[in-house]
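Here the structure comes first, spelled out in C-alpha cells, and everything after it is commentary.
The values are calculated or read from the model by the stated rules, or taken from the named source; none is laboratory data. Given the structure is predicted, the values throughout are model-derived calculations rather than measurements. Because the Cβ atoms are built from the backbone with ideal geometry, glycine has one as well, and the counts that use them run over all protein chains shown.
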2 protein chains.
Amino acid sequence: MRRPVPARTLAADLAGAEPGADVTLMGHVHRRRELATVAFLLLRDRSGVAQVVVRPDELPDGGLPPEETVVEVTGRVTPSVQAGGGVEVTSPRIRLLSERAATPPIELWRPVLSAGLPTVLDHAAVTWRHPRRRAAWEIAAASLRGFRRVLDDAGFTEVQTPKLVGTATESGANVFPVDYFGRTGYLAQSPQFYKQQLVGVFERVYEVAPVFRAEPHDTVRHLAEYVSLDVELGFVRDHRDVLELLRVVLVGMLDGVRTHAAGAVDRLGLQLPVVPAEIPVIHFAEALRRVGAPPDQPDLAPEHERALGTWAREELGSDLLAVEGYPLRKRPFYTHPWTGARFEGGPWSNSFDLLFRGVELVTGGQRLHRHPDYVSALRARGEAPAAFAAYLEAFAHGMPPHGGFAIGLERWVSRLVGASNVREVTLFPRDLHRLEP
Amino acid sequence: MRRPVPARTLAADLAGAEPGADVTLMGHVHRRRELATVAFLLLRDRSGVAQVVVRPDELPDGGLPPEETVVEVTGRVTPSVQAGGGVEVTSPRIRLLSERAATPPIELWRPVLSAGLPTVLDHAAVTWRHPRRRAAWEIAAASLRGFRRVLDDAGFTEVQTPKLVGTATESGANVFPVDYFGRTGYLAQSPQFYKQQLVGVFERVYEVAPVFRAEPHDTVRHLAEYVSLDVELGFVRDHRDVLELLRVVLVGMLDGVRTHAAGAVDRLGLQLPVVPAEIPVIHFAEALRRVGAPPDQPDLAPEHERALGTWAREELGSDLLAVEGYPLRKRPFYTHPWTGARFEGGPWSNSFDLLFRGVELVTGGQRLHRHPDYVSALRARGEAPAAFAAYLEAFAHGMPPHGGFAIGLERWVSRLVGASNVREVTLFPRDLHRLEP
C-alpha cells in the first residue's frame, strides 16, 4: 500500500478554508521569528505566503527550521486579524521535507531584493525565489500563454525549427560557430528563413524558441541568447496587415498577463499599458521631420525614438507608435519595397518598428514573395543566390504574399516591469561575460 | 484608402457556404486538369482542398497556372456530386498571387508521397506541403497544445532555460562545443539541471525547447537536435506520482490531437492509442525474469522491450507499460534510490521507462533532493561536487522531494503515425550527415 498523499492546501486558498478545519501546507520556510512565548513561521509556496503560529511544545526537534528549509505543516485554520488573508494556521505539526537549509546568499524574506545584479545573477537558482523577482517570470510565462492562445485561435500552427544551421548567411556577423561532427555549423540567429518557408506549408506559423547572437557589446539591452516569439502569416496585402496582427497579439499577451499573472502584477504594482484599437502609424520620413533629424538619416537614433514616444503619449494618447517605411537598404534583403500611395518612389520599405514608450519593441514587415525578386535583391547586395538555394526553393514553387514579426520575450517583460537591465528578467542570462550559472 | 481585404473562405468551409453565393478562396494550385471543354483547378489552403471548374473563357492569361502557383479565386458556390464536400466553385475569376510556379521536386497532388527519404528531406520546404506529410506535423503541434493545456491547468509554470552552457557535465559525452566569445561553451543536452533548480522557485515547471546531442550513430531513432518536452514537479512521494502525472499529460496530448488535428488523424487513417486509467507497472527485476534475461543484466535490450510490449498488449490489454526500478548505476547521478516496500535493499532506483507498444517513449523518475545525497552520489561516481557548484546551490538552500520526465516530440509523433524513421516527422532534421536544409 502506498502512503496516502495528504490533501494539500495552497497558501492562497487558506483564506477560503473553513475555520477550525485541519489543513496541510507544503513549502519553503519564508521567514521564522521566535519571540519569548510564541514563534511565527511564514510558509511560502507557489501561490503565496501563509502564517503559522508555533507554540513552544509544537516546535520540531532542533527548533524552528531556518529560512528556505522545505516543510510540511498540518494545523488548524484560525481567523486572525494580523495575518495576511485574515487566516493563520495554529496547532501545527511540522515535518521537514529537506534538511535544514543553509543561509541563502540574499535575504529572500525582505520585501525588496536589494542585492547588486552580479550577486542576483550568480545565485539565480536561489534569488528567483524572491516573490518580487519571481513575479517578472510569472509575467513572462503568462505572456507566452496569451501569445499562443491568440495565434492558436486564429488558425496558426506552432513550428519548431532547427537552431543548428549550416550557413551563417542571414546577417553574416555575430554568429556562434559550432563544431558539428568535425565541420563548422552555426547557431541560428533567428528562425526567419524557416518560418517563411513554412508559410508555404501552413500559411500561418509561430515559434517560441531561443535565438543566438554573438553580441560583442555589453549593454543593458543585449543578450547572447534570448527567447524570440516569431510569427509569420501568408495572404497579407502589405505590412499594415502584419501590424494589425501584432496589435491583436499584444492585446492577447496582456490579457494573458492579467488573467494568469494577476498576483505578479499586484506584487510589482504595475500599470499595464493599454493597446489602442488602432496603433498610430507615422512614416519614417515624417518621423525624421518631426524630431528634426536630417532627411537622409538612415535610421532613428535612440533619442529620436524617445522623442517620438513622448509625442505619441502626449499628442496621440498612446504608449505604442509604429514607424513604417524604413529605408530599404537598412532592412534585411528579404524586405518588401514600399507599396504605399504616399511617399511613392522613395527608398522606403513595407516594414515597421513598433515603439513602446519610446523604445523599439518589435520589428516586422512584409517580405518579398516572388523568386525573381529574391534573386535581384541578393545580387543588389553582392550576395550569391546559390548560397541561399534551400531557402529560395520555397519561392520558386509558389509563395503567397506574406509578412511577420518577432518579439523578444525578455525585452517585452523588461518594458512591462520597468527593469533597467534585461538580465533582471532573464532566468539564466548569457552575455559576453556570462555563461554560468 | 487601403484596398479592402476580400472576405476569404477556407476550403473546409465551402461545404457550409450558401449555394449561389460568391466566395473568394486563396491558396496553392494543388492540381490542374485541362480537358477538351472544361478545366479543373484544385485549390489547396491550410484547411483542405476545393474544386474550381474553369470554362475556356474563364482561363487567366497564359492558361491555367501550374501546380503550386498561389492564386486568389472568386466564384460561385455550386452543389456538385463529384466534388469533395459536395460543393465546387464555378464562374471563377482567377488572379495569380505569385509568379507561375516551377515544377516541384515531387508531385504533391498524388495521394501518397512516394519519393525516397533523401529527396523528401532535401526539399523539405516543398515536400512538407504534401497533405499526408503535413499531417504528421499537425499532430506534433496539436500534441504540444494538449501538453501545455494540461500543465497550465495544473499550476505549472513554463520556463525557458539556456541552451548555451559552460560545462559539459551532465553526461560528459556527445556534446557540441561552441566557440563562445573565444572560450569553449557547449550546447545543452537537456534542461535537467535548470528545471530542477526552478522547482525550488515555481514548484511545477515545464519547458518545450530544443536539446542537442552529438550522436555519432546514424540510426532511425536518433537526431542531433530534437524537441524535448520537459516536466518537473515538487512535493512528490516517489516516482509513482511522476508516472501518474505523465499519464495525465499523455491523455492531454492525445486530447489535443483529437481536438486540433482531427483532419490529420483522418488523412493518415490513424487509430490513436487509449491511455488506461492506471498504467500497468512492472519492476525491472520482474521484467528481466519475464523475458528470460539474466538477473544481473543492467538494462533491457530492444527485443526485451518488444516482448514486454506484446505481453502488455495481450495480457494486460494496454499499449503502455511502465518498467520501474532500473538499476541505479545505469541511471544519472541525480536519480533517487529505490524506496519501494518490495525489492527492498536491491540496487534499484525510483525511476521508470514508459514503453509504448514495446518501444521506450519516456524516461522519468524521482530525483535526489538533499544536498548531502548529491555530494555522496557525485563522489561515488568519481565526480567532483565543486564542478556542479551552481546546480548544487539550489539543494543547499532547501528543495522539496521532486521528480520529472522528458518526452521527445519527434519520437512521440513517429510512434503515433507509425513512421519508420524519426526524420520523417521532423521539420528540418539534423544528424551526423545532415545540417541542411
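Looking at A:Val5, A:Val49, just one residue is at pLDDT 95 or above and in contact with a helix residue (DSSP H, G or I) (Cβ under 8 Å, 6 or more places away or on another chain), and that residue is A:Val49. In region A:16-34, the residue that is farthest from the other protein chains (Cβ to nearest Cβ) out of those that are over 22 Å from B:Val236 (Cβ atoms) and among the small types (Gly, Ala, Ser) is A:Gly20. Among residues of region B:91-111 being β-branched (Val, Ile, Thr) and surrounded by 16 or more Cβ atoms within 10 Å (Cβ to Cβ), the one that is farthest from A:Asp238 (Cα to Cα) is B:Ile106. Consider A:Ser91 carefully, then state whether it is farther than 14 Å from A:Val425 by Cα and either touching a Phe, Trp or Tyr at 6+ places or on another chain (Cβ under 9 Å) or without any contact (Cβ under 8 Å) to a residue 24 or more places away in the chain (or both). No; evaluated as a whole, the condition is false for this residue. Taken as a whole, the condition of being assigned by TED's automatic domain parsing to the domain that holds B:His30, under 23 Å from A:Lys195 (Cα atoms) and touching a Pro at 6+ places or on another chain (Cβ under 6 Å) applies to B:Val70. Right, B:Ser228: of a type in the set (S, T, N, Q), assigned to a helix (DSSP H, G or I) and in contact (Cβ under 8 Å) with a residue 12 or more places away in the chain or not? When the stated conditions are applied, B:Ser228 does not pass them. Among the residues examined, B:Phe193 does not qualify as facing another protein chain (nearest Cβ under 8 Å) and at pLDDT 95 or above. Among all residue pairs at least 6 apart or on different chains, which show Cβ distances below 9 Å where the first residue, located in region A:145-162, is without any contact (Cβ under 8 Å) to a residue 24 or more places away in the chain and within 11 Å of another protein chain (Cβ to nearest Cβ) and the second is aromatic (Phe, Trp, Tyr) and in a strand (DSSP E or B)? Filtered contacts from region A:145-162: A:Asp152/A:Tyr206.
Each residue in region B:405-437 was checked for being surrounded by fewer than 20 Cβ atoms within 10 Å (Cβ to Cβ) and more than 22 Å from B:Ala136 (Cβ to Cβ), and 1 pass. Those residues that are under 24 Å from A:Leu96 (Cα atoms) and either in contact with a strand residue (DSSP E or B) (Cβ under 7 Å, 6 or more places away or on another chain) or not assigned by TED's automatic domain parsing to the domain that holds B:Phe405 (or both), I need them from region B:334-367; list them, please. Listed by number, the residues that qualify are B:Tyr334, B:Thr335, B:His336, B:Pro337, B:Trp338, B:Ser349, B:Asn350, B:Ser351, B:Gly365, B:Gln366, B:Arg367.
The residue of region B:166-186 that is nearest to the chain's Cα centre (by Cα), among those that are part of a strand (DSSP E or B) and more than 7 Å from every other protein chain (Cβ to nearest Cβ), is B:Tyr186.
Looking across region A:336-374, just one residue is on the phi > 0 side of the Ramachandran plot and in a strand (DSSP E or B), and that is A:Gly365. So which residues in region B:357-369 are buried (at least 18 other Cβ atoms within 10 Å of the Cβ) and at pLDDT 95 or above, if there are any at all? Those that are buried (at least 18 other Cβ atoms within 10 Å of the Cβ) and at pLDDT 95 or above: B:Val362, B:Gly364, B:Gly365, B:Gln366, B:Arg367, B:Leu368, B:His369. Can you tell me which residue in region B:112-122 is nearest to the other protein chains (Cβ to nearest Cβ), limited to those that are surrounded by fewer than 20 Cβ atoms within 10 Å (Cβ to Cβ) and touching a residue at least 12 places away in the same chain (Cβ under 8 Å)? For region B:112-122, the residue satisfying everything is B:Asp122. In region B:298-316, is there at least one residue being hydroxyl-bearing (Ser, Thr, Tyr) and more than 14 Å from chain A (Cβ to nearest Cβ)? The answer is yes; a qualifying residue exists. Working carefully through the options B:Val150, B:Val126, B:Val201, find the one that is part of a helix (DSSP H, G or I), surrounded by fewer than 22 Cβ atoms within 10 Å (Cβ to Cβ) and at pLDDT 95 or above. Result of the check over B:Val150, B:Val126, B:Val201: B:Val150.
Listed here are the residues, each with its yes/no results for (1) in a helix (DSSP H, G or I); (2) modelled with pLDDT of 95 or more; (3) under 15 Å from B:Lys330 (Cβ atoms); (4) outside the structural domain of B:Ala135 (by TED's automatic domain parsing).
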site: B:Asp266; (1), (2), (3), (4): yes, yes, no, no
site: B:Val274; (1), (2), (3), (4): no, no, no, no
site: B:Ala277; (1), (2), (3), (4): no, yes, no, no
site: B:Ala287; (1), (2), (3), (4): yes, yes, yes, no
site: B:Gln297; (1), (2), (3), (4): no, no, yes, no
site: B:His304; (1), (2), (3), (4): yes, yes, yes, no
site: B:Leu308; (1), (2), (3), (4): yes, yes, no, no
site: B:Trp311; (1), (2), (3), (4): yes, yes, no, no
site: B:Glu315; (1), (2), (3), (4): yes, yes, no, no
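Only a single item in (1) surrounded by 14 or more Cβ atoms within 10 Å (Cβ to Cβ); (2) over 23 Å from A:Trp128 (Cβ atoms); (3) among the hydrophobic types (A, V, I, L, M, F, W, C) is not met by A:Val29, and it is number (2). Exactly one residue out of B:His397, B:His369, B:His402 is farther than 30 Å from A:Pro162 by Cβ and free of Cβ contacts under 8 Å to residues at least 60 places away in the same chain: that is B:His369. In region B:391-404, the residue that is nearest to B:Phe235 (Cα to Cα) out of those that are more than 9 Å from chain A (Cβ to nearest Cβ) and buried (at least 23 other Cβ atoms within 10 Å of the Cβ) is B:His402. Here is the figure for region A:347-374: residues that are away from chain B (no Cβ under 14 Å) and over 33 Å from the mean Cα position of the chain (by Cα) total 1. Filtering region B:298-310 to residues that are more than 23 Å from B:Leu254 (Cβ to Cβ) and out of contact with any helix residue (DSSP H, G or I) (no Cβ under 6 Å at 6 or more places or on another chain) leaves B:Leu300, B:Ala301, B:Pro302, B:Glu303. Just to be sure I understand the filter: pairs with C-beta atoms under 8 Å, separated by 6 or more residues or on different chains, first member in region B:237-252 and touching a residue at least 60 places away in the same chain (Cβ under 8 Å) and farther than 15 Å from B:Arg204 by Cα, second member in a helix (DSSP H, G or I) and of a type outside the set (A, V, I, L, M, F, W, C). Which pairs pass? Correct list of pairs: B:Gly252/B:Gly146; B:Gly252/B:Arg149.
As for region A:375-382, it holds no residue that is within 13 Å of chain B (Cβ to nearest Cβ), more than 15 Å from the chain's Cα centre (by Cα), among the β-branched types (Val, Ile, Thr) and part of a loop (DSSP other than H, G, I, E, B).
Condition first: more than 20 Å from B:Lys195 (Cβ to Cβ) and touching a Leu at 6+ places or on another chain (Cβ under 8 Å). Now tell me which residues in region A:106-126 satisfy that. Once the filter is applied, which keeps residues that are more than 20 Å from B:Lys195 (Cβ to Cβ) and touching a Leu at 6+ places or on another chain (Cβ under 8 Å), region A:106-126 yields A:Ile106, A:Trp109, A:Val120. For region B:72-85, a residue qualifies if it is more than 9 Å from chain A (Cβ to nearest Cβ) and either surrounded by 13 or more Cβ atoms within 10 Å (Cβ to Cβ) or β-branched (Val, Ile, Thr) (or both), and the qualifying residues are B:Val73, B:Thr74, B:Gly75, B:Arg76, B:Val77, B:Thr78, B:Ser80, B:Val81, B:Ala83, B:Gly84, B:Gly85.
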